[in-house]
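**Student:** Starting off with a structure, shown below.
The values are calculated or read from the model by the stated rules, or taken from the named source; none is laboratory data. Everything numeric in this text was worked out from a predicted model, so none of it was measured. Cβ atoms come from the backbone with ideal geometry, glycine included; neighbour counts cover every protein chain shown.
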Amino acid sequence: MNILFVSAEVAPFAKTGGLGDVSAAIPRYLSRLGHDVRVVLPLYKRVREYAAKHNVHFTRVLDNVSVQLGQRKVVFSIVEAKLPGEGVPVSVYFVAQPSLFDRAGIYTSDADEHLRFSLLQWAALKLCQFQQFSPDIVHANDWQTALLPLMIKTAFKWDRLFANTKSVLTIHNIGHQGSFASSALPDTGLSEVSEHFHQEQLKEGRINFLLTGILYADAITTVSPTYAREITTPEHGVGLDGFLRGRGAAVMGILNGIDEDVWSPEKDKLIPQRYSADTVELKEGNKRELLRKMGLPYHPRAPVYGIVSRMAWQKGFDLCMEVLPRLLTQHDVQVVVLGSGEPKYEEFFSRMARELPHKVAFHQGFSEPLAHLIEAGSDFFLMPSRYEPCGLNQMYSLRYGTIPIVHKTGGLADTVRTVRGTRYEHGNGISFEHFDATAFKWALGYSLELWGTGDGADRARFREIQRRAMRDDWGWPRRIGDFVRAYRAVLPR
Ligand code: ADP
């Protein structure tokens, strides 16, 4: 199949979260199956910085193409580079438009945010035309690319290149929808087909990119089976549940995979001590290094709880604020935190690190190497998310034998099974049902029970739980076939 894959993030070039990892892995694994996948991403400032640092070589593909978006004639170029990694090289096409993309962040709250991502979508389809690449599937991801299904069905319909093109929209997080005042509509370049936007919303003065995708995509996937069910309910649908129910069987949940070229303790180049399920005791070397790096003393009997996360409301840190101070003062435990985001959570972890300097360390920021070291060096991993479409870190944790403690929601519910049995012989982690302090406290208490004294027979038992967690298979080879089937289901026979 010919597949055009368009996303606002692709790791390692541009990533703020799971979208970046997944948008690199899906094209890579589809290519390995022999499909022709072309990836399109903006040339953000940080892509240029990454490229300069890592000697990425860009090839010029398209120069000075113009597109009329509302009042503005926007001129862009396209350059190409290969996605790093083993196997078949995958081409990534970067849309260069300095005045729109040369900004500090990937996402902005600037007044032209809708224009930035409208351009990405126009450029992606213009690239197809230039290369005479006739996609069987256009795969859109989240609101930033959710106009593509409508564009293929309207503005690009005249071009026979797209006569057989079908579209798939993946919702990675329904909490972000690209909802703008309807005055933004001309800037999408779709004024002439404005009758295809949701008319009630237009009357109310809004346009919503994600909703437009939900209405026009031939298939809609989301990143776990549980989240696929959840977003069709008012509780989790963030106003779009009715539209998703309306799409019926076109909506499906495909669990994300993990990219084991990047995330596996056997070959991780970013950790000092590699290990496998059979040599899980070697993990201790990573724990020592993690604590050294974070400036915490090493106590073999104290369990280390890791956190790597965007510090957002979604991630459930309000529970940490309620429960962790007591846990930390009453028990011999340590907490290592990496992340940035909302000031109130950053301040909480900074304060804990100040007040309990031997027990808590907080690295404010984004660090790929530290994220790997925390996965490899912690004993437990905390993910008490309020909602979690899929979540990658709990799967990384399982793969690294770092026992995840999660709220049972979305993809966390699909991947973490609470350890149980008289000898703790089932399960791979700890999952708590209700999002409240009592349940989280229970989960942390239970983790201390699993940990025991952290010595002798207790340690041997804990190692057994780790080995079991490590043996689950979360790799993309197991998942990618689900996408191929989803694509084939919408293609003409
Ligand atoms: P989300 O996409 O909602 O942020 P996921 O669990 O799906 O959550 O994916 C998060 C990804 O982002 C993981 O690869 C994680 O390691 C990474 N990540 C999040 N915060 C940081 C950080 N501060 N430094 C490095 N990596 C981070």
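**Student:** Read through the list (1) crowded, with 24+ Cβ neighbours inside 10 Å; (2) in contact (Cβ under 8 Å) with a residue 60 or more places away in the chain; (3) within 11 Å of the ligand (Cβ to nearest atom), then give the number of the only condition that PRO384 fails.
**Tutor:** (3)
**Student:** Looking only at region 159-182, count how many residues are more than 30 Å from the chain's Cα centre (by Cα) and closer than 19 Å to SER118 by Cβ.
**Tutor:** 1
**Student:** Does LEU215 satisfy the condition of being in a helix (DSSP H, G or I) and in contact with a His (Cβ under 8 Å, 6 or more places away or on another chain)? Walk me through how you get there before you give the answer.
**Tutor:** On the way: in a helix (DSSP H, G or I): yes; in contact with a His (Cβ under 8 Å, 6 or more places away or on another chain): yes.
Against the criterion (in a helix (DSSP H, G or I) and in contact with a His (Cβ under 8 Å, 6 or more places away or on another chain)), LEU215 qualifies.
**Student:** Cβ-Cβ distance below 8 Å, separation of 6 or more or different chains: which pairs start in region 210-233 with a residue that is without any contact (Cβ under 8 Å) to a residue 12 or more places away in the chain and end on one that is of a type outside the set (A, V, I, L, M)?
**Tutor:** Matching pairs, first to second residue: THR233/ASP241.
**Student:** Failed condition for ILE254, given (1) within 16 Å of the ligand (Cβ to nearest atom); (2) surrounded by fewer than 21 Cβ atoms within 10 Å (Cβ to Cβ), with all others met?
**Tutor:** Checking ILE254 against (1) within 16 Å of the ligand (Cβ to nearest atom); (2) surrounded by fewer than 21 Cβ atoms within 10 Å (Cβ to Cβ), the one that fails is (2).
**Student:** Quick one: which helices (runs of 4 or more DSSP H) sit completely within region 420-493 and have at least 1 residues that are closer than 30 Å to ARG326 by Cα and of a type in the set (Lys, Arg)? Quick ask: steps written out before the conclusion?
**Tutor:** Working: elements: 437-451, 456-471, 476-490.
Result: 437-451, 456-471.
**Student:** If you take the residues of region 281-333 that are of a type in the set (Asp, Glu) and touching a helix residue (DSSP H, G or I) at 6+ places or on another chain (Cβ under 7 Å), which of them is farthest from the ligand (Cβ to nearest atom)? Break it down stepwise before answering.
**Tutor:** Keep residues of region 281-333 that are of a type in the set (Asp, Glu), which gives 281, 284, 289, 318, 322, 332.
Subset that is touching a helix residue (DSSP H, G or I) at 6+ places or on another chain (Cβ under 7 Å): 281, 289, 322.
Working: GLU281: 25, GLU289: 17, GLU322: 21 Å.
Here the answer is GLU281.
**Student:** Filter region 122-155 down to the residues that are assigned to a loop (DSSP other than H, G, I, E, B) and free of Cβ contacts under 8 Å to residues at least 40 places away in the same chain, then identify the one that is surrounded by the fewest Cβ atoms within 10 Å (Cβ to Cβ).
**Tutor:** Residues of region 122-155 assigned to a loop (DSSP other than H, G, I, E, B): 132-136, 142, 146-147, 154-155.
In the following step, the residues that additionally are free of Cβ contacts under 8 Å to residues at least 40 places away in the same chain were identified as 132, 155.
On the way: GLN132: 7, ALA155: 20.
Only one residue tops the list, namely GLN132.
**Student:** Could you list, in sequence order, the residues of region 193-240 that are out of contact with any Ser or Thr (no Cβ under 6 Å at 6 or more places or on another chain) and of a type in the set (S, T, N, Q)?
**Tutor:** Of everything in region 193-240, those that are out of contact with any Ser or Thr (no Cβ under 6 Å at 6 or more places or on another chain) and of a type in the set (S, T, N, Q) turn out to be SER194, GLN199, GLN201, THR212, THR222, SER224, THR226, THR232, THR233.
**Student:** Would you confirm, using the coordinates I've provided, whether LEU119 is farther than 29 Å from ALA219 by Cα and assigned to a helix (DSSP H, G or I)?
**Tutor:** Numbers: farther than 29 Å from ALA219 by Cα: no; assigned to a helix (DSSP H, G or I): yes.
Criteria not met by LEU119.
**Student:** Still on this structure, please answer the following. Identify all residues within region 457-493 that are modelled with pLDDT under 95 and more than 21 Å from the chain's Cα centre (by Cα); write none if there are none.
**Tutor:** Of everything in region 457-493, those that are modelled with pLDDT under 95 and more than 21 Å from the chain's Cα centre (by Cα) turn out to be PRO492, ARG493.
**Student:** Further, regarding this structure: What are the pairs, 6+ residues apart or on separate chains, where a residue within region 252-280 that is basic (Lys, Arg) has its Cβ under 7 Å from a residue that is surrounded by 15 or more Cβ atoms within 10 Å (Cβ to Cβ)?
**Tutor:** Filtered contacts from region 252-280: LYS267/ARG274; ARG274/PRO265; ARG274/ASP268.
**Student:** Look at HIS372 and say whether it is within 16 Å of the chain's Cα centre (by Cα) and surrounded by fewer than 24 Cβ atoms within 10 Å (Cβ to Cβ).
**Tutor:** Details: within 16 Å of the chain's Cα centre (by Cα): yes; surrounded by fewer than 24 Cβ atoms within 10 Å (Cβ to Cβ): yes.
It is true that HIS372 is within 16 Å of the chain's Cα centre (by Cα) and surrounded by fewer than 24 Cβ atoms within 10 Å (Cβ to Cβ).
**Student:** Further question: Tally time: how many residues in region 335-381 are within 10 Å of the ligand (Cβ to nearest atom), of a type outside the set (Val, Ile, Thr) and under 24 Å from VAL262 (Cα atoms)? Give the steps one after another, and end with the answer.
**Tutor:** Kept after step one, since they are within 10 Å of the ligand (Cβ to nearest atom), are these residues of region 335-381: 337-341, 363-372, 374-375.
Still in the list and also of a type outside the set (Val, Ile, Thr): 338-341, 363-372, 375.
Then drop every residue that is not under 24 Å from VAL262 (Cα atoms), which leaves 338-340, 363-372, 375.
Matching residues across region 335-381 total 14.
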